[in-house]
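First the structure, in the form of structure tokens, and then the observations on it.
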Amino acid sequence: MKRKVMMIGMALLGAAAVASLSMTSAQGKTYKIALLVKSLGNGFFEAARDGGLEAAKELKNVEVIYTGPTTATAEGQIELINSLVAQKVDAIAISANDPNAVVAALKKAKSRGVKIISWDSGVAKEARLMHLNPSNTALIGRKQIEMISKTIGGKGQIAILSATAQATNQNAWIAAMKDTLKDPMYSGLELVDTVYGDDQSDKSYREALGLFSKYPNLKGIIAPTTVGIAASAKAVIDQKLVGKVFVSGLGLPSEMISYVKAGSVDTFALWNPIDLGYSAVYAAYQFATRKATSKAGAKVSIGRMGTITLDANLEAPMGDPYTFNKDNIDKFAKAF
Ligand code: RAM
């Protein structure tokens, strides 16, 4: 993926790499906004970082600090939250590995004047000013059942291969999938298992192999994670199960293109992660500069993506997901 990013600062923050773009306006303050992700080395978050840097460039008086632990753990994020407070950031936009475990650290940050929002994977309401969902949660869940059902002809065993067991976003999507499965329309699908690859390629790959041996009649895997879907699709090919087991879920077109062409994936979905990172930084800036308020019905600008309205839970979706298949993947794989 070709991305035009200006990285003029690379430093180490604990175990985490930090990319920063500083654009100081002629006069006045530069706002330090941390984009704290679940883990480094994940293409989804790298695309979101590029969107965040784009927002910083547009807003001019923003420095984005992109950071995350090396593995997707709450402990790693807590350490980073404490470091960010010491660095006197103005805002933290977090995609959380656990909705509750990071709350105490975030509250401490808040008491030091740091504005907290969550995006992608949320934190408990008490610890944030708002949460930016990529899309509507129920819709994302339903979509994934629809996709696999269509591919396998509405019949057979399916399994879910998720990220970490505590991930707020995956757990909400899995709950929505289970709700969708209650629809008589999907009575031919049998959900046999849910396993966790922790957003690590090798663990996800091993979990996929485990599913193949435990369920010889398995027809489909839904992986609501960009790491899990790519690892599962590779496992299907390596095990020569193309045509027998199909993988669907949420993935990056740039990472999935070869699997779609090889036939282990028919359709999958995602929103634009660049837009999501852009929107997260833009929204965090609105709170840091006191242009937005944290209350139900309040409107928050997300720049070129428009304006979102906070619901009773102080959440808002960015937009609708896209669906990818062999007919459109070439075009999208160039973007993210
Ligand atoms: C992984 C992460 C992320 C999720 C995507 C779909 O990259 O778990 O939080 O939104 O998948």
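Values computed for the structure shown
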{"quantity": "Scope the stretch 245-258; condition more than 16 Å from residue 47 (Cα to Cα) and more than 12 Å from the ligand (Cβ to nearest atom); matching residues", "calculated": "245, 246, 247, 248, 257, 258"}
{"quantity": "Hits in the stretch 207-244 (condition: among the small types (Gly, Ala, Ser) and buried (at least 19 other Cβ atoms within 10 Å of the Cβ))", "calculated": "208, 220, 223, 228, 230, 231, 232, 233, 235"}
{"quantity": "Yes/no for residue 112 being of a type in the set (Lys, Arg), on the phi < 0 side of the Ramachandran plot and crowded, with 22+ Cβ neighbours inside 10 Å", "calculated": "no"}
{"quantity": "Condition met for residue 198 (buried (at least 16 other Cβ atoms within 10 Å of the Cβ) and either within 16 Å of the ligand (Cβ to nearest atom) or in the same structural domain as residue 96 (by TED's automatic domain parsing) (or both))", "calculated": "yes"}
{"quantity": "Residues (more than 16 Å from the ligand (Cβ to nearest atom) and either touching a Ser or Thr at 6+ places or on another chain (Cβ under 6 Å) or assigned to a helix (DSSP H, G or I) (or both)) located in the stretch 39-63", "calculated": "53, 54, 55, 56, 57, 58, 59, 60, 61, 63"}
{"quantity": "Positions within the stretch 88-110 being under 15 Å from residue 288 (Cα atoms), assigned to a loop (DSSP other than H, G, I, E, B) and either at pLDDT below 95 or hydrophobic (A, V, I, L, M, F, W, C) (or both), in sequence order", "calculated": "89"}
{"quantity": "Filter result (under 19 Å from residue 73 (Cα atoms), out of contact with any Leu (no Cβ under 7 Å at 6 or more places or on another chain) and crowded, with 20+ Cβ neighbours inside 10 Å) within the stretch 170-195", "calculated": "170"}
{"quantity": "Members of the stretch 259-302 found to be over 20 Å from residue 52 (Cα atoms), within 16 Å of the ligand (Cβ to nearest atom) and part of a loop (DSSP other than H, G, I, E, B), listed by number", "calculated": "267"}
{"quantity": "Residue in the stretch 172-185 that is within 16 Å of the ligand (Cβ to nearest atom), farther than 22 Å from residue 95 by Cβ and either aliphatic (A, V, I, L, M) or in contact with a helix residue (DSSP H, G or I) (Cβ under 7 Å, 6 or more places away or on another chain) (or both) present", "calculated": "no"}
{"quantity": "From 163, 159, residue being closer than 22 Å to residue 205 by Cβ and either within 16 Å of the ligand (Cβ to nearest atom) or modelled with pLDDT under 95 (or both)", "calculated": "163"}
{"quantity": "Unique residue being modelled with pLDDT of 95 or more and exposed (fewer than 15 other Cβ atoms within 10 Å of the Cβ) when the list is 267, 289, 309", "calculated": "309"}
{"quantity": "Residue match in the stretch 62-70 (condition: modelled with pLDDT of 95 or more, of a type in the set (Gly, Ala, Ser) and crowded, with 23+ Cβ neighbours inside 10 Å)", "calculated": "yes"}
{"quantity": "Lone unmet requirement of (1) under 19 Å from residue 38 (Cα atoms); (2) not in a helix (DSSP H, G or I) for residue 113", "calculated": "(1)"}
{"quantity": "Failed item, numbered, when residue 68 is tested on (1) touching a Pro at 6+ places or on another chain (Cβ under 6 Å); (2) within 16 Å of the ligand (Cβ to nearest atom)", "calculated": "(1)"}
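Residues checked against (1) over 21 Å from the mean Cα position of the chain (by Cα); (2) among the small types (Gly, Ala, Ser):
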{"position": "181", "(1), (2)": "yes, no"}
{"position": "184", "(1), (2)": "yes, no"}
{"position": "194", "(1), (2)": "no, no"}
{"position": "197", "(1), (2)": "no, yes"}
{"position": "202", "(1), (2)": "no, no"}
{"position": "206", "(1), (2)": "yes, no"}
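The values are calculated or read from the model by the stated rules, or taken from the named source; none is laboratory data. Just so we're clear, the structure is a prediction, and the values are computed from it rather than from any experiment. Virtual Cβ from ideal backbone geometry, glycine too; neighbours counted across all protein chains shown.
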